[in-house]
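Colleague: Right, I'll just put the structure down here and ask away after.
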Amino acid sequence: MGRVYTKITLKNVGDETDAQRGLIREDEVRSITVKAVVDTGASTVVINEELRQKLGLAKMEEKRYRLADGKRVPGWRTEPVDIRWKDRSCTIRAVVIPGARRVLLGAIPLEDMDLIVHPRTQEVVGAHGDEQIYWL
């Protein structure tokens, strides 16, 4: 299987809450649309420091993370970020890996949004068609 990419939009959840409460205007919600590498072997969403700053996400806790090549690197979890893919969304803490060249979309947000990588077409699709299924 080759690399699979998909467009996602990342939004600052704190900003969205402030906009709903009337504390900021809707157009002040920080968000960015990016091309992400889909990695079903990774657990979460990974961004770099530049994106963290653009989104205004606070660093919450520092940890060490193991990359696919086995290296251990320092990184941070952020406050929650909203991930949107077409008409689906999930909220999760991003992991910031300094110097990361690509945004990585991992298994937890894929599962939460009921998405899979189609084995034949190598594209992200709804696991159950166009309808998102919520599992309890």
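FYI, it's all coordinate maths here, none of it is from the lab. Remember, predicted model here, so these are calculated numbers, not experimental data. Every residue, glycine as well, gets a Cβ built from its backbone with ideal geometry; the counts of neighbours run over all protein chains shown.
Colleague: What is the Rg over Rh value, at two decimals, for the range 1-61, using alpha-carbon atoms and the Kirkwood definition of Rh?
Modeller: Numbers: Rg = 13.9 Å, Rh = 13.2 Å.
Over the Cα atoms of the range 1-61, Rg/Rh equals 1.05.
Colleague: Go through Ala42, Ile8, His118 and say which Cα lies farthest out towards the positive end of the charge dipole of the range 4-126; charges sit on Cβ, +1 for Lys and Arg, -1 for Asp and Glu.
Modeller: Ala42
Colleague: Identify all lysines with a Cα-Cα distance to Lys71 below 26 Å; exclude those on the same chain that are fewer than 8 residues away in sequence.
Modeller: Qualifying lysines at Cα under 26 Å: Lys35, Lys59, Lys63.
Colleague: Still on this structure, please answer the following. Under the rule of at least 5 residues apart or a separate chain, name every residue whose amide H is placed under 5 Å from the amide H of Ser89.
Modeller: Here nothing satisfies the definition.
Colleague: Mean projection of the alpha-carbon convex hull of the range 4-126 over all orientations, in nm²? Let's see the in-between values first.
Modeller: On the way: hull surface 30.7 nm².
Computing the convex hull of the Cα atoms and averaging its projections yields 7.7 nm².
Colleague: What number, in percent, do you get for the relative contact order of the chain if the mean sequence gap of Cα pairs under 8 Å and at least 6 apart is divided by its residue count? Don't skip to the answer; put the middle values down first.
Modeller: Numbers: 270 pairs, mean separation 37.5, N = 136.
In percent, rounded to a whole number, it is 28.
Colleague: With equal scatterers on the alpha carbons only and no solvent term, can you work out the Debye log10 of I(q)/I(0) for the range 55-136 at 0.11, 0.17, 0.20 1/Å?
Modeller: Rounded to two decimals, the profile gives -0.37, -0.82, -1.01.
Colleague: Once phi is turned into θ = phi - 60°, what whole-Hz ³J(HN,Hα) does the Karplus curve with 6.51, -1.76 and 1.60 give for every residue of the range 43-57, x standing for Gly and Pro?
Modeller: 8, 9, 9, 10, 10, 9, 4, 4, 5, 4, 5, 4, 7, x, 8
Colleague: Something else: 5 Å is the cut-off here: which amide hydrogens, built 1.01 Å from N in the peptide plane, fall below it relative to Tyr5, excluding neighbours closer than 5 in sequence?
Modeller: For Tyr5, the qualifying residues are Val38.
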